[in-house]
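Take a look at the structure set out below.
Please treat every number below as a calculation from the coordinates, not as lab data. Keep in mind that this is a model prediction, so the values were computed, not measured. Reconstructed Cβ throughout: ideal geometry from the backbone, glycine too, with neighbour counts over all protein chains shown.
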Amino acid sequence: MSAIEARGLTKVYRTYKKESGLRGAIKGLAKRKYDETRAADNVSFTIEEGELVGFLGPNGAGKTTVLKMLSGLLNPTGGEARVLGFVPWERRNEMKRQFSLLMGQKNALWWDLPAQESLELNRAIYGIDRGRFKQVVGGLAELLEVQDKMNVMVRELSLGERMKMELISALIHEPRVLFLDEPTIGLDVVSQQRVREFLRIYNREHRIVTMLTSHYMQDIEELCDRVIVIDHGKIFFDGPLNSIIDRFSGSKILSLTFEQPATRDFSAYGEVIEQTPLSVQLKVPRGKVTETCRQVLADCKVTDINVQELPVEEVIRQFFGERSAAVSNAAAEAAVSATA
Ligand SMILES: Nc1ncnc2c1ncn2[C@@H]1O[C@H](COP(=O)(O)OP(=O)(O)OP(=O)(O)O)[C@@H](O)[C@H]1O
Ligand SMILES: [Mg+2]
């Protein structure tokens, strides 16, 4: 049995449209109009014990929807899923004790309590033995370096500290499956690094099955060997991350800041992504980064220079671009051969 199995998982959201005005309201009574969003469309995959899988896709692709179904927060419109053998939306206590969902955009901890007290409440809910609880929380707090913050009111913690507490909270019952929905969102670079480091160590030591979504490419690159990519509710890639990066992230982003407004045309150096009077962002092929930096520094008065990986969105976008080009080429070829 695989740790996570999804077969044909589908979720259709219906949002009712109300036409404006009284007339619209009356018409609406007779014939309700609604929009349908296929947030998850026939999603299938399996994840084995110990795997840490990146779940990628652009905004609105369906990632959170799938994670919510796998966590039993949402009933699917169709399809099947098993998490550790349980049907998630049956919400069995045995399953609740063995998985966790952490959403970076939401707080699970009580705002007006110190983290320690929130954790105590969860201890009671899960019926965790006191000794074990102390040991687990102590270990996690040490690893995340928040021992001295355990008695600070959650609302007074920094975003990074709060996220670390959320992680502790998600792990106190030592789950076997962990769904992480943007656990590093909004964190500064140092905190992001810490959280990543923690997840790497934790996953290695506990072999906990993890599905991770993030819009930060670095999270995915550092943590996940395998990625599942979703768009418009459909899975269209499931495999090693390397094969995406190698093929689709052949470039880096070069950000330049100037002392004085620069009016020159930068397209000779690379693809101009964004330009303001005092800055420009260029997309430069990986192999040409050093040379381009040297050139720009020689040609312009640069006060700051910064080289970054393409954001995950961009890599995925290129990925999509090639894919839709391939699809339309195939369609065009089909059309040509049909008329021939
Ligand atoms: N409760 C809801 N009612 C109606 N539509 C919804 C609801 N929740 C999500 N959607 C829609 O379903 C689609 C998928 O949303 P979802 O939140 O799963 O995307 P996501 O991949 O998590 O995006 P993001 O990266 O922005 O978090 C979107 O088009 C969204 O607008
Ligand atoms: Mg989401």
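Odds and ends about this structure:
- Subset tally (residues that are farther than 26 Å from E5 by Cα and polar (S, T, N, Q)) for region 182-210: 3
- When restricted to residues that are aromatic (F, W, Y) and over 21 Å from Y13 (Cβ atoms), region 64-107 contains 2.
- Tallying residues that are within 16 Å of ligand 2 (Cβ to nearest atom) and not in a loop (DSSP other than H, G, I, E, B) within region 85-106 yields 3.
- Of all the criteria given as (1) crowded, with 17+ Cβ neighbours inside 10 Å; (2) assigned to a loop (DSSP other than H, G, I, E, B), the one not satisfied by F55 is (2).
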